[in-house]
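K.L.:
Structure in structure tokens, see below.
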Amino acid sequence: MAANDILVDLECCTGCWTCAFSCKVGHGLADDDWRVVARTLGSGEGIDKPAGTWGDLHMEWMPVWATKCMRCGPNKCTESYPEPFCVHNCPTGALSFGDLEDPESDNAKKAAELKASGRRFFQIPEFEGGRQGVQYVNRKK
């Protein structure tokens, strides 16, 4: 794992796209250049369509970082933004940033709490378009 990892608590993500837009604006990216998108996990038939049937409808979202994401790097992180734009601007606290291998880091402490509660950790493989250094956590299923 990289020294600075993004930890994504999928239980907290609401699919608001703030991560994607803050990245786009913070880096001045072109209209068709997205470094992070919020994937809707529903029926798979269009954007924001829930899965299930009436009485048991459900929807979830997963922010997905492109391999060209640089997690803002040292040239973009400043005192005002000590973490990537996507993490800094997440309104629900679903995203956190830091060294997951340093037990004293806030990110590692948050991960330890989530693991202790029985949550499941995973990564999206690079061959599926996942960015290394992004850890996802969800309910244990």
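The values are calculated or read from the model by the stated rules, or taken from the named source; none is laboratory data. Just so we're clear, the structure is a prediction, and the values are computed from it rather than from any experiment. Every residue, glycine among them, receives a Cβ derived from its backbone with ideal geometry; neighbour counts consider all protein chains shown.
K.L.:
Can you report the number of residues in segment 97-129 which are touching a strand residue (DSSP E or B) at 6+ places or on another chain (Cβ under 9 Å), outside any loop (DSSP other than H, G, I, E, B), surrounded by fewer than 17 Cβ atoms within 10 Å (Cβ to Cβ) and among the small types (Gly, Ala, Ser)?
P.N.:
Matching residues across segment 97-129 total 0.
K.L.:
So, in segment 28-60, of the ones that are outside any loop (DSSP other than H, G, I, E, B) and within 18 Å of the chain's Cα centre (by Cα), which residue ends up modelled with the lowest pLDDT?
P.N.:
41
K.L.:
Could you list, ordered by first residue, the pairs with Cβ atoms under 6 Å in which the first is in segment 24-40 and touching a residue at least 12 places away in the same chain (Cβ under 8 Å) and the second is acidic (Asp, Glu), at least 6 apart or interchain?
P.N.:
Matching pairs, first to second residue: 40/48.
K.L.:
For residue 91, only one of the following conditions fails: (1) part of a loop (DSSP other than H, G, I, E, B); (2) over 16 Å from residue 38 (Cα atoms); (3) at pLDDT 90 or above. What is its number?
P.N.:
The one condition residue 91 does not meet is (2).
K.L.:
Another one. Among (1) in contact with a strand residue (DSSP E or B) (Cβ under 8 Å, 6 or more places away or on another chain); (2) surrounded by fewer than 17 Cβ atoms within 10 Å (Cβ to Cβ); (3) modelled with pLDDT under 90; (4) closer than 14 Å to residue 6 by Cβ, there is one condition residue 70 misses while meeting the rest; what is its number?
P.N.:
Of (1) in contact with a strand residue (DSSP E or B) (Cβ under 8 Å, 6 or more places away or on another chain); (2) surrounded by fewer than 17 Cβ atoms within 10 Å (Cβ to Cβ); (3) modelled with pLDDT under 90; (4) closer than 14 Å to residue 6 by Cβ, only one is false for residue 70: (1).
K.L.:
Quick check on residue 80: is it at pLDDT below 90 and not hydrophobic (A, V, I, L, M, F, W, C)?
P.N.:
Details: at pLDDT below 90: yes; not hydrophobic (A, V, I, L, M, F, W, C): yes.
Considered against the rule, which asks whether it is at pLDDT below 90 and not hydrophobic (A, V, I, L, M, F, W, C), residue 80 comes out as yes.
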